[in-house]
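FYI, it's all coordinate maths here, none of it is from the lab. Owing to the predicted nature of the structure, the values given are computational and were not obtained by experimental measurement. Methodologically, a virtual Cβ is constructed for each residue, glycine included, from the backbone with ideal geometry; neighbour enumeration extends over all protein chains shown.
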Amino acid sequence: MILRAVERDDMYVLTVSIRGVEHTLTGPVSSMGRRSIGQSLLVLLRTEQGLPAHNEWGTMVGVRPTKLLHKYIDQYGSLEDATRHIGDEFSVSLEKLDILSRIGQYQRPFLESHSNKDISLYCGIPFCETRCVYCSFPYGLYQEYHRQSEFIAALLDDIDDVRQICESYNLHTNTLYMGGGTPTILNNEDFHHVLTGLSTLIPKGHEFTVEAGRPDSITTEKIQSMQACHVNRISINPQTMDDTILRRIGRGHSAQDIDDMYQYVKKHTDFAVNMDFIAGLPGQNIKHMVHNMDYICHNLPENVTIHTLAIKRGSPLYDLNMQHDVPDESIVKHMVQYAQERLEQAGYVPYYLYRQQYMRGQLENIGYTLPGQACEYNIQIMEERQTIMSMGPGGSSKWIKAPAFRQKKQHMPKDVDVYTDTLKALLAKRHALCKSFWEVV
């Protein structure tokens, strides 16, 4: 395939040559013109591959479909008109429009006008103890990293710098999320020190979440530290409750370990719990998802997220050519649909959604919640209507102001050594961005 693009007489012209046949796509010189050409190109490429011109998401691409929905709600004044516009513009199926509409309606109260000094915070620990076959994210294995003490010292300085910024500009932290990687990979003492620093950034009782995804990284001391620091939400992420698949994907724990941890947390703490599952894992079939949902519907954690497997470049699943073990797209779709039906029958409602590249069946990830138990941070990070400042390597800070919701951004280095060695300059840049944002508000 050969692409040639020119701008001519206030029009974009894209010529696409496929097997010697040329196709010409045009649109006005504008963002809508670029979008129109992109939609036409997507339809052309699907058709050339023998696929239907549109899948259930039509020509809609991008990570955050609900973000666009909220933009159209602002523009048209109603959820119904916004949903109709998306259906007309992108040829989205009625099924996907329904889930978008329900999520948008649930989210809207969380996104109504806030002060520009209401913020959320993120702290990232980009390490794990083992590498899951589907994951391309972690910087490395923590036990193999030889500058642990320097990293912790830098992270504590980073956290203290955010504390000073919050005090200087009289900011109000609504939610705080400690993610990864696996944050609980830190040893008991370091975990407690980091958590203690983070607890100074958020009032007691506000939403404070820790990803405690892997039971092999949890100790009673870490649970006690979370309680002492007023954490009130955690994620326990099985991905599957099948031991054979857990071993196959590189997890260092069993399904029984997950249940033991869940039951301990529910007995000894007041934490709300999220549990993540993935549809499309190697060797998985619908019986495995039935077993997963049986477990959920029996135990009823406050939140459940159903992910669709994304075969990411840089993951062992991609690099080791294990795709042949991944179930067919129709099976994955069946699993996702089954999970939705079981969860909604059990009283859960969908409350956030996002998509990724290379997702099996071009589906989506959906978070479900029991009534009144939604994780607000997940809504804010997806819809990008509130400033979120990030601490730790690989994080992104976004300063966002209504009504246009344009962003100022800072991306922390993913390389932990670079983060540690250049932290002083990174913090200086963050201070400059804060000054340009809040001193003119």
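Laid out as a table, the results:
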read-out	value
5 angstrom amide H check on Gly27, placed H, neighbours 5+ away	Tyr12
Whichever lysines have a C-alpha closer than 19 Å to that of Lys204, once near sequence neighbours (fewer than 8 apart) are set aside	Lys117, Lys222
Distance between region 93-158 and region 364-394 - C-alpha centres, whole angstrom	8 Å
For region 118-388: relative contact order, % (alpha-carbon pairs under 8 angstrom, 6 or more apart)	19 percent
Extension gain, Leu45 back to Ser78 (0.36 nm per residue minus Cα-Cα distance, nm)	8.5 nm
Stretchable slack from Gln407 to His431, in nm (0.36 nm times residue separation minus alpha-carbon distance)	7.1 nm
Residue order, fewest to most beta carbons within 10 Å, for Phe151, Phe110	Phe110, Phe151
For region 374-389, 3J(HN,Hα) per residue [Karplus equation, 6.51 cos²θ - 1.76 cosθ + 1.60, θ = phi - 60°, Hz, x = Gly/Pro]	4, 8, 5, 4, 4, 5, 5, 5, 7, 8, 6, 10, 9, 4, 10, 9
Over the chain: helical MRE at 222 nm, DSSP H runs n ≥ 4 each giving -39500 (n - 2.57), nearest 500	-13500 deg cm²/dmol
Longest DSSP-loop-exposure-free segment, trypsin sites (Lys or Arg not before Pro), the chain, at most 12 other Cβ within 10 Å	20-203
J(HN,Hα) series, region 66-72, from Karplus relation 6.51 cos²θ - 1.76 cosθ + 1.60, nearest Hz, glycine and proline x	6, 4, 5, 4, 5, 4, 6
Amide H contacts under 5 Å for Tyr352, placed H, 5+ residues apart	Gly367
Built amide H within the under 5 Å cut-off of Phe208, gap 5+	Leu176, Asn232, Arg233
